[in-house]
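Scroll down for the structure; my scribbles are underneath it.
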Amino acid sequence: MYNLHIKKEKGVPISPGMIGLFYEDINYACDGGLNAEMLENPAFEFVESFGWKDHYSTKYDGLYGWSAFPLTGDEGRLSIGTDSPVHPNTPHFLHFVPSRTQNAAANKAFSGVYLQEGHTYKVSAYLRSTGYTGSVTAAVYLPDSSLEEGADYKKNTVPAAQVVLAGEVTSEWVRYEAEFTAASTLRYGVFALVIDAPADAAVCGIDIDHVSLKPTDAVCGVFRRDLANILRDMHPGFLRFPGGCIVEGNTLSNRYQWKRSVGPAEGRISNWNRWATSANMRKEFSNNPFSHYNQTLAIGYYEYFLLCEYIGAEPLPVQHVGLACQFQSTQLIEPEAPEFREFVQDILDLIEFANGPVDSTWGKVRASMGHPEPFALKMIGIGNEQWDTKESRFLERYALIEKAVHDVYPDIRLLGSAGPSVSEPWQDKLMTAWNFYREQTAKKPNFTYAVDEHYYMAPEWLYSNSHFYDNYPRDVKVFAGEYAAHRPIRQYKYDKNTLDAALSEAAFLTGVERNADVVVLASYAPLFGRVDYSQWAPDLIWFDETACYGSVSYYVQKLYSLNMGTYTLPNTFGEEVPTLYQTVSYDEAASEVIIKLVNASDTPADIALCPEEGLTFTGTASAQILTHEDKDAYNELAAPTRVAPAAAALDPTSPFTVPAYSFSVIRIPASRAE
């Protein structure tokens, strides 16, 4: 029996919204994921990426994902045109000349089109005739029943759904749209734009651009509903975006430029994704299966702000500092160079875009996109995993940016980088950063609100470092910006998200909550992983084209997010119990004590609660218990809730048992005397 003694006195205040989300376009999290768009390369702007550190190149591949359809008889011809495009920022379009038997242009659509019975879908495209003046039909074709996934989908010839997109195509660009409802559920379907080829096909052609196929229930018309809702269900306090490494880019030209991501979708300049080359070997022209991983920017900064509103999270954009990824590049802009001002101005303009009045330059852009009200941006991250060297001069960059921002916007909270890890090899760089932030903040209190620390560690490290922040100085706050338990098994698969890994994260978070006076923000990373499309694992949420599910780690994050008190209550078991980790808080609004208990042992633990006089339990406790008999158990698409919280009720005045390998959250109605 272990006696948990709980004091009535207030511990430290807990920042509202401490538990948040870290979003990065990795593992096809955006296009092919959160972006409800179902087609690949919809604007014919894709490139293929090659190379490794400081030796990167791209090759334009505008026909990627597209083919003449079906594969039978004579060949229809696809080519790329550039004459008078829809928008100069997206200069390429598809020119299609059909044949007698190939009268459609088909799209790869990642793993194929998935339609759900009774759901409605919107299809749209810009079309222009170059000889053809008839109608254009959008169709989704049934897969050949004899084909396995990944087989030659181009031979499918039976339409499962179709709708006339354009009754008559003219010689000028026109955007056409139509809707259809799926009569049955379909997977691995083929999307195609079909024209009626005339007898003399050689003189018949059509130009196609900005093609789209989306479910009409997309959140805000943009986000895949199940993915947006699984985020909202967490009630996250903040959303950090648009990522980590993609902010920096493998090259400066490859960096995320937020201004390219706003305005009309047709004018957004696409980018090759930094993660397209993540698995490349150390040779100049290597590439990998994800070399066509691009960013269409269909989800840009405006949409990220909308997502924050939808899920109820504070926006936390991370901004570039003139340094490409220090792991993958040596490219930089010197702080004294005139070009460095561009990076500073981008941050100032971002604040104006988010918060400025509608008559300001960038506030007007926001309003023109449909949101005249400010987004109330309060926090900005300066750099991602940057560290200071005589070449990078990162801390000098931070100081220049801080002055520029706070001269105009003194209330904006800036978050600084402390490098890629808190592990031993990085300790010197970590301390250099911390000494800098603390010295400068002592002179100027708003110099740095919080410092971004990252921990991708083995479960053993997370278990053994639950007291990591007990002795941290309290003058500058901590943003636990990226953390996850890592084991070297099946590196890019969902089976890394084990119960043991999640329990170690829950154990580490007991220390984060206990030290909530110094750790004010915390987020697991990465957020999304598309099955069979991942470059990194573990991930919080996994999905394919049909469904999504929360990993065991997701449930830990959700249980924390939904059960943070107003302040902590000091507590102790009275003796050290190496396999038990706990934190206790008090929720003033609900008048409840919240206990979080991690049992990392293979043996159940009997617990008796011993509240101090003045802290009185007034009702039956409700519990959520996350456990499984196998600590290596994990969730997957075939068993999405294999390890998921189960509700229970218990009498807090009597001893109770927490299972082996478990994380329990217990809420107890209670009164607390001052």
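Please treat every number below as a calculation from the coordinates, not as lab data. Just so you know, these numbers come straight off a predicted model, no measurement behind them. A quick note on method: Cβ atoms are made from the backbone with ideal geometry, for glycine too, and the neighbour counts reach across all protein chains shown.
What is the mean projected area of the alpha carbon convex hull for region 491-581, to one decimal in square nanometres?
For region 491-581, the mean projected area of the Cα convex hull comes to 7.2 nm².
Skipping prolines and chain starts, which residues have an amide H placed within reach, meaning under 5 Å, of the one on residue 535, given they are 5 or more residues away or on another chain?
Close amide H contacts, sequence-distant or interchain: 27.
Enumerate the whole-percent occupancy of each 5 Å bin, from 0 to the last occupied one, for all C-alpha pair distances of region 9-103.
Spelled out per bin, shortest first, that is 2, 10, 12, 14, 15, 13, 9, 6, 5, 3, 3, 3, 2, 1, 1, 0, 0.
Sort 622-631, 41-50, 421-430 by packing, meaning the average of other beta carbons within 10 Å per residue, with the highest value first.
Packing proxy ranking, top to bottom: 41-50, 622-631, 421-430.
Using a Förster radius of 30 Å, what is the FRET efficiency between residue 341 and residue 427 based on their Cβ-Cβ separation? Nearest 0.05, please.
Computed FRET efficiency for residue 341 and residue 427: 0.30.
At residue 456 and residue 54, where each label point lies 7 Å from the Cα along Cα→Cβ, what is the point-to-point distance in nanometres?
Distance between label points: 2.2 nm.
Sorted by mean Cβ packing within 10 Å, highest first, what order do the peptides 28-37, 267-276 take?
28-37, 267-276
With +1 assigned to the C-beta of every Lys and Arg and -1 to the C-beta of every Asp and Glu, and no other charges, what is the dipole magnitude of the chain about the Cα centre in debye, to the nearest 20?
The dipole magnitude comes to about 400 debye.
Within 10 Å of each residue's Cβ, count the other Cβ atoms and sort 477, 493 from fewest upward.
Fewest-to-most Cβ neighbours within 10 Å comes out as 493, 477.
So what's the angle, to the nearest 10 degrees on a 0 to 90 scale, between helix 340-355 and the longest Cα principal axis of the chain?
That works out to roughly 80 degrees.
Could you please rank 266, 588, 248, 342, placing first whichever residue has the fewest other Cβ atoms within 10 Å of its Cβ?
588, 342, 266, 248
Quick check: the angle from helix 552-561's long axis to the longest principal axis of the chain, C-alpha only, nearest 10 degrees?
Helix 552-561 sits roughly 60 degrees off the main axis of the chain.
Over the chain, what is the relative contact order in whole percent, taking alpha-carbon pairs under 8 Å and six or more residues apart?
So the answer I get is 16 percent.
Sort 325-333, 3-11, 650-658 for me by packing, meaning the mean count of neighbouring Cβ atoms within 10 Å per residue, highest on top.
For the peptides 325-333, 3-11, 650-658, the packing ranking is 325-333, 3-11, 650-658.
Residue by residue, what Karplus-based ³J(HN,Hα) values in Hz, rounded to whole numbers, does region 607-619 have, using 6.51, -1.76 and 1.60 with θ = phi - 60° and x for Gly and Pro?
10, 10, 8, 10, x, 5, 4, x, 10, 10, 6, 10, x
Taking only Cα atoms, what is the 0 to 90° angle, nearest 10, from helix 301-311's long axis to the longest principal axis of the chain?
Tilt of helix 301-311: around 50 degrees.
Provide, as a two-decimal number, the C-alpha radius of gyration of region 549-602 over 2.2 N^0.38 Å, N being how many residues it has.
1.29
Can you give the Kirkwood hydrodynamic radius of region 67-137 from its Cα pairs, in Å with one decimal?
Final number for the Kirkwood radius of region 67-137 is 14.4 Å.
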